[in-house]
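Coordinate-derived values only; no laboratory data. Every value quoted in this text rests on a predicted model; they were computed, and no experiment measured them. All Cβ positions, glycine included, derive from the backbone under ideal geometry; neighbour counts span all protein chains shown.
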Amino acid sequence: MDATETHRTINAVWRIESARIIGALARQVRDVGLAEELAQDALLAALEQWPREGIPENPAAWLTAAAKHRAIDLLRKRTLHAHKEGEIAREIDARHAIAAADFADAVDAALDDQVGDDLLRLVFTACHPVLSPEARVALTLRLLGGLTTDEIARSFLVPESTIAQRIVRAKRTLAAARVPFEAPRGPELGARLSSVLEVIYLVFNEGYAATAGEDWMRPALCDEALRLGRILAELMPDAPEVHGLVALMEIQASRAAARVDADGEPVLLLAQNRARWDRLLIGRGLAALARAEQLGGALGPYALQAAIAACHARAQEAAQTDWPRIAALYEALAQLAPSPIVELNRAVALSMAFGPAVGLEHVDALRSAPQLQGYHLLPSVRGDLLARLGRHAEACEEFKRAAELTRNARERKLLLARARSAADG
């Protein structure tokens with residue numbers, strides 16, 4: 001394997017395993033910022049050694065062991081510096097025991113206690129109230145999913161420098177406040193829930209529609225978000241929005257196989273072969289939505305989005321979709337959690353329920369929204385509506401603009417193909 005392929009493998013392993021490694025290290029050193037630094041050191045070691053020595057049989061275990069050995073060395077130096085000889089042996093023996101344990105077995109064993117999962121502890125630690133809500137979400141996305149600052153910025157529709165500053169400040173704040181690596185209990189658990197749910201869903205979204213790169217989807221991120229959501233639902237069985245989020249992710253994930261063709265090219269919702277949708281995941285999602293509804297009270301933002309997804313899931317064919325209900329659900333969502341992106345999605349639903357002219361009028365009212373400047377789906381949606389109205393030249397220009405704005409290669413190819421189709425009339 002040449003150096004390029006080795007680096008690709010390292011990057012792939014890192015994206016999948018970095019959160020577990022950081023979580024395990026944070027449990028060991030009790031500092032999430034330091035844990036990330038140690039994990040990054042292990043990554044640098046892999047970048048130096050693997051091209052020369054070859055990829056180890058178990059890359060994740062190699063990275064974990066390398067990071068933990070660095071943690072042990074750091075703890076040893078700290079202890080020696082404090083001249084606590086009597087504590088050195090016990091400290092190092094304990095750390096070596098952790099390093100020697102098989103990483104996967106350690107994670108499985110951790111699931112036996114109340115919270116039980118290093119990744120979940122990592123989420124709740126990063127969502128500590130000492131941080132601003134924006135910093136909690138940004139830091140957890142960075143630590144949990146291994147997302148770059150650019151990918152997180154795209155999720156928030158804010159400059160990359162803003163996210164980078166939030167992450168640096170968040171880690172410093174956690175360290176200065178000596179925030180323990182643990183999940184909260186009682187009332188504090190509920191207080192942090194909103195940020196945790198947002199983090200999990202943003203990770204899922206990055207897996208469902210990758211911000212950049214050559215792949216349309218990153219299934220590993222979807223799987224991780226679903227796993228965390230299911231664990232959270234077990235921990236908080238009486239929280240409607242937890243079940244609402246799980247329902248939403250289950251139903252969205254059910255479409256994964258139909259969202260790409262044999263060559264990995266994107267297939268849009270209305271063109272998907274619904275026979276390829278995973279009925280088991282749909283069933284799980286509908287059951288979770290029913291659970292959220294049974295718990296009483298008005299549906300929250302995630303449960304409302306799950307209800308929208310359920311409308312699609314229940315339609316055997318695209319033509320059977322209940323678009324008026326979807327438009328009404330988006331209106332309810334816009335009242336509960338107003339945002340330009342919700343309104344953009346509502347415009348699509350309105351266009352399907354009442355015609356493209358209605359949708360276009362709604363979209364045009366959003367063109368000056370600051371949050372949508374540079375957001376590729378705004379011209380993409382507008383191009384689709386213009387094409388349906390027969391305004392093909394304008395549609396072509398909108399699709400070209402959307403293609404310029406997206407960072408995903410597969411999506412860019414799709415949008416350029418739609419531009420050519422519109423140009424041909």
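Excluding residues fewer than 8 places away in the same chain, name every one of the lysines whose C-alpha is closer than 29 Å to that of Lys77.
Partners found: Lys68, Lys171.
With a/c under 1.5 counting as rounded, go ahead and sort the range 337-425 into rounded, prolate or oblate using the C-alpha gyration tensor (a ≥ b ≥ c being the square roots of the eigenvalues; past the cut-off, prolate if a/b is larger than b/c, else oblate).
oblate
Dipole magnitude of the chain about its Cα centre, charges +1 at Lys/Arg Cβ and -1 at Asp/Glu Cβ only, in debye to the nearest 20?
Computed charge dipole of the chain: roughly 620 debye.
Once the dipole of the range 256-295 is set up with Lys and Arg at +1 and Asp and Glu at -1 on Cβ about the Cα centre, which of Gly283, Gln294, Ala262 lies farthest towards its positive end?
Farthest along the dipole direction, towards plus: Gln294.
Write down the Å³ per residue value for the convex hull defined by the alpha carbon atoms of the range 251-355.
Here the figure is 103 Å³ per residue.
I'd like the Karplus ³J(HN,Hα) series for the range 345-360: coefficients 6.51, -1.76, 1.60, θ = phi - 60°, whole numbers in Hz, and an x wherever there's a Gly or Pro.
Along the range 345-360, the couplings run 5, 5, 4, 4, 4, 4, 5, 6, 7, 10, x, x, 5, 5, x, 5 Hz.
Applying a 10 Å radius around every beta-carbon, put 5-14, 121-130 in order of their mean neighbour count, most first.
Final packing ranking: 121-130, 5-14.
Once the other residues with Cβ under 11 Å from the Cβ of Leu269 are scored (Lys, Arg +1; Asp, Glu -1), what is the net sum?
Result for the neighbourhood of Leu269: +3.
If you project the alpha carbons of the chain onto the principal axes, what extent comes out on each, in Å, largest first?
80, 54, 40
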